[in-house]
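To keep things clear, I will list the structure first and then write my remarks on it.
Please treat every number below as a calculation from the coordinates, not as lab data. As the structure is a computational prediction, the values presented were derived from the model and not from experiment. Neighbour counts run over all protein chains shown; Cβ positions are idealised from the backbone, glycine included.
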């Protein structure tokens with residue numbers, strides 16, 4: 001593999017926001033923040049339990065988004081979807 005191809009591959013891996021990980025219980029879950037290994041379950045918990053409403057809130061509760069920031073868009077999408085679910089339930 002040429003140097004530029006290796007860099008392109010590494011870049012694609014770094015910017016892939018969601019990957020799959022296996023939890024200790026053997027269940028599969030999506031990893032939202034690759035830098036810190038924060039799963040979608042952890043994000044959902046931060047939103048539900050700690051009422052996280054912003055990327056900054058998620059950073060404080062889970063650490064997600066405090067590394068390379070590639071997951072910020074996905075975090076914003078998750079927050080928007082949760083907000084919409086809440087508004088539709090009223």
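Tabulated values for the structure
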| quantity | calculated |
| --- | --- |
| Cα-projected label distance for residue 70 with residue 49, points at 7 Å along beta-carbon direction, nm | 2.8 nm |
| Neighbour-count ranking [beta-carbon atoms within 10 angstrom, fewest first] of 58, 90 | 90, 58 |
